[in-house]
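The values are calculated or read from the model by the stated rules, or taken from the named source; none is laboratory data. Nothing here was measured: the structure is a model prediction, and the numbers come from that model. Positions of Cβ are generated from backbone atoms using ideal geometry, with glycine treated the same way; all protein chains shown enter the neighbour counts. Surface areas here come from the heavy atoms of the whole protein model, side chains and all, with no ligands, DNA or RNA. Shrake-Rupley method; radii C 1.70, N 1.55, O 1.52, S 1.80 Å.
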Amino acid sequence: MSDDPVEYVVENKPCLVSLEEGKKYAWCTCKLSKTQPFCDGAHKGTEHRPMVFKAEKTEDVLLCACKATKSGPYCDGAHNNLEDVYAEASDAEILSMKDSVQIDQDANGKALVDGGAYVMTPNDKNDTVVGNLRYQPVIAKEDGATKLSLHRLTVSAGTTKWMEYEGVDTVLYFVSGAGTVDIAGREFNVDKEAGLYVRPGEKFRVITDEEMVIYATACPLLTDLTVTDDNETTFQTEQEERYIAFDEATANVMANRIYQELVDKKVGSNEVTQFIGQIPKSRAAMHRHLYEEAIVILTGYGKMWTGTKVTEVKTGDVLFLPHRQGHSVECTDEGGMQLMGVFYPSGSPAINY
Ligand code: FES
């Protein structure tokens, strides 16, 4: 019989646990504990020690089980890089979902799948028109969103009126076209594949010579877009940097996928994280996030599986995922898929369970 200690980490995935404020916990660092992710004393005789920490608040968190995290005891997504290929749906998982009900879009372009998640195709007919600005909600309170809303803005040549989501963070993503965004008197040149952060209390407008498609996320309260003739707000100079463009050369590698955070804490967005991701032809294993998320398919096509239902997704579609809703995006396009995601609360898009 081997004397090697037995590792009890069965899966390279984090553990969802409920912490109680003020309580101390001992996180296993050695993989030997049978009560993952916590210590059961099995490290005795090794050089390992548990990491003891005190919960700052009562909350559900994802604690690392794979022990590769650099943010122990919390999962930082490092488990995704322990294999060459991102966790894909197993044969058993695919078999278990073979009878999923195919959901087609309704008359409003929406396909509602499990748990309030949906895929929708924006229809120009639903736009509200104000001068050279057209806009429509694609994720709102009426759709079941609790933390973030999403509008599609289409701007033709000219200067828009001033826009604002009152009192909340606004995160813009530029899908197509280029121009200038004036945030309360400070101008930023913007181009596609980039994000821009507008702080609460700032209005913004768009100046362009060509048609631009922009997605605007408001968070963490659901407010509608207000459009006005005048701007009485001022640019908040304590946060000068606001614009982040996608740069494949510096993006994060996650097995056979890449992603890059655009707007996040580095530009002062503490509530919302925005990212761009590229996935090859593949079907991810079902997973969940602790955050509420909106996704826009930038290129490619495939399917979204949610447990008992499945629906088609294609370039231009918007996906809404309530927090903790199991899902798997399958890319069936040989050329892969590119998507933009935005979620609350902020964090890493690599963290899932
Ligand atoms: S489980 Fe270890 S980093 Fe996610």
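Observations on the model:
- Of the residues making up region 312-326, those that are in contact with a Phe, Trp or Tyr (Cβ under 7 Å, 6 or more places away or on another chain) and buried (at least 19 other Cβ atoms within 10 Å of the Cβ) are VAL313, PHE320.
- Leading residue by the ranking (farthest from the chain's Cα centre (by Cα)) among those in region 89-142 that are charged (D, E, K, R) and over 22 Å from ARG283 (Cβ atoms): LYS125
- Filtered residue count, region 214-255, keeping only those that are free of Cβ contacts under 8 Å to residues at least 60 places away in the same chain and within 18 Å of ILE276 (Cα to Cα): 10
- The strands (runs of 3 or more DSSP E) located wholly in region 289-353 that include 1 or more residues which are hydroxyl-bearing (Ser, Thr, Tyr) and either under 24 Å from GLU248 (Cα atoms) or away from the ligand (no atom under 16 Å from the Cβ) (or both) occupy 292-299, 301-305, 309-314, 328-331, 337-344.
- Comparison of TYR301, TYR344, TYR243 shows that the only residue that is closer than 16 Å to LEU150 by Cα, open to solvent by 30 Å² or more (accessible area, probe 1.4 Å), of a type outside the set (Asp, Glu) and modelled with pLDDT of 95 or more is TYR344.
- Residue within region 208-216 that is in the same structural domain as LYS161 (by TED's automatic domain parsing), among the polar types (S, T, N, Q) and open to solvent by less than 40 Å² (accessible area, probe 1.4 Å) present: yes
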